[in-house]
Amino acid sequence: MIKKESRNDLRLRRHARIRKNISGTATMPRLNVYRSNKEIYVQVIDDEIGKTLASSSSIALKLNNGGNIEGAKLVGKDIAEKCKKLKITKVVFDRGGYLYHGRVEALANSARENGLEF
C-alpha cells in the first residue's frame, strides 16, 4: 500500500527545491519564514557562516493571535526595524515552501513598507 504524503512533507519538498537556488550572504542575507497554525516566525540568516543575524516572531512580540494577517504584519515590521539597526537593507526572501499568500504575503509586504528590499 502506498503511503500518502502529508501536506508538511510536500511543503518540505518545495522548500528544498527553493533552497537549491537561494542562499543568504553577508551583504544580502536570507529572510526565512515559518508559519504554524497559531504563530509566525521569521529569521534573517547569513548562510555563508551559518548564523542567524536577527529574528522575530509573534511569540516574541507577545501577540494575542499570531495566526492572523495582523500578527504577520507586526512581525514583518519588527524584523524590518531590527534589520535597519544592523544596517541590512537588502535580503533574499525565502517563503519556506508556503504559498505567497495570506500571512506570508502580509509579512513580506509589511517588511517592504518598513525599509527592506527584496
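Tabulated data for the structure shown
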read-out: Test result for residue 96, outside any helix (DSSP H, G or I) and either of a type in the set (Asp, Glu) or closer than 19 Å to residue 11 by Cα (or both); value: yes
read-out: Only one of 2, 18 that is in contact with an Asp or Glu (Cβ under 7 Å, 6 or more places away or on another chain) and either within 18 Å of residue 92 (Cβ to Cβ) or part of a loop (DSSP other than H, G, I, E, B) (or both); value: 18
read-out: Pairs, first modelled with pLDDT under 95 in region 66-86, second exposed (fewer than 15 other Cβ atoms within 10 Å of the Cβ), C-beta under 9 Å, six or more apart; value: 66/36; 66/38; 66/59; 67/36; 67/37; 67/38
read-out: Breaking point among (1) buried (at least 17 other Cβ atoms within 10 Å of the Cβ); (2) assigned to a helix (DSSP H, G or I), for residue 82; value: (1)
read-out: Failed condition for residue 51, given (1) loosely packed, with under 13 Cβ neighbours inside 10 Å; (2) within 20 Å of residue 113 (Cβ to Cβ); (3) touching a strand residue (DSSP E or B) at 6+ places or on another chain (Cβ under 8 Å); value: (2)
read-out: Which listed residue is closer than 24 Å to residue 6 by Cβ, in contact with a Ser or Thr (Cβ under 7 Å, 6 or more places away or on another chain) and either of a type in the set (A, V, I, L, M, F, W, C) or modelled with pLDDT of 95 or more (or both), from 39, 105; value: 39
read-out: In region 85-118, the residues that are under 20 Å from residue 27 (Cβ atoms), surrounded by fewer than 13 Cβ atoms within 10 Å (Cβ to Cβ) and either in contact with a helix residue (DSSP H, G or I) (Cβ under 6 Å, 6 or more places away or on another chain) or among the hydrophobic types (A, V, I, L, M, F, W, C) (or both); value: 86
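The values are calculated or read from the model by the stated rules, or taken from the named source; none is laboratory data. Predicted model only: the values in this text are computed from it and were never measured. Ideal geometry is used to build each Cβ from the backbone, glycine not excepted, and the neighbour counts take in all protein chains shown.
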